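Chemist: This is the structure I want to talk about, given as structure tokens.
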Amino acid sequence: MSLMSVSDVAEFLGVQEIRVERLERESLLVAAYQDENGKPMFKREDVVKYKEFAERLGGL
């Protein structure tokens, strides 16, 4: 299982970090766990699935 930080996800999706945090807060992108600083960490597989889904709906 490969984990991604908020900044990794933002770079992968091509969005700002604040948007990734909002997606997590709204349960559109579910975090695997919180790091020692309380920041969400995401499974790479979940991020890839979210990106594919969002692109099918018309983009991020």
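Chemist: If one computes the Cα centroid of the range 1-15 and of the range 21-60, what distance in Å separates the two points?
Modeler: Cα centroid of the range 1-15 versus Cα centroid of the range 21-60: 8 Å apart.
Chemist: Would you kindly work out the equivalent ellipsoid of the chain from its C-alpha gyration tensor and give its semi-axes, the square roots of five times the eigenvalues, largest first in whole Å?
Modeler: Numbers: eigenvalues 65, 28, 20 Å².
Values for the chain, descending: 18, 12, 10 Å.
Chemist: With +1 on each Lys and Arg Cβ and -1 on each Asp and Glu Cβ, and nothing else charged, work out how big the dipole of the chain is about its Cα centre, in Debye to the nearest 20.
Modeler: 180
Chemist: Can you send over the carbon and sulfur percentage of the accessible area for the chain, probe radius 1.4 Å, protein chains only?
Modeler: Whole-percent figure for carbon plus sulfur exposure: 48.
Chemist: Right, something else. Skip the ligands, DNA and RNA, and give the accessible area per residue of the chain with a 1.4 Å probe, whole Å².
Modeler: 68
Chemist: Using θ = phi - 60° and the Karplus form 6.51 cos²θ - 1.76 cosθ + 1.60, what ³J(HN,Hα) does each residue of the range 41-47 get, whole Hz, x for Gly and Pro?
Modeler: 10, 10, 6, 4, 4, 5, 5
Chemist: In nanometres, what is the gap between the two model label sites at V15 and K43, each 7 Å from Cα along Cα-to-Cβ?
Modeler: Those two pseudo-labels are separated by 2.0 nm.
The values are calculated or read from the model by the stated rules, or taken from the named source; none is laboratory data. The shown structure was predicted, so the numbers you read here are calculated from the model rather than taken from an experiment. When we count neighbours, we look across all protein chains shown, and the Cβ atoms used for this are built from the backbone with ideal geometry, even at glycine. Please note that ligands, DNA and RNA were not included when accessible areas were found on the heavy atoms of the full protein model with its side chains. Shrake-Rupley method; radii C 1.70, N 1.55, O 1.52, S 1.80 Å.
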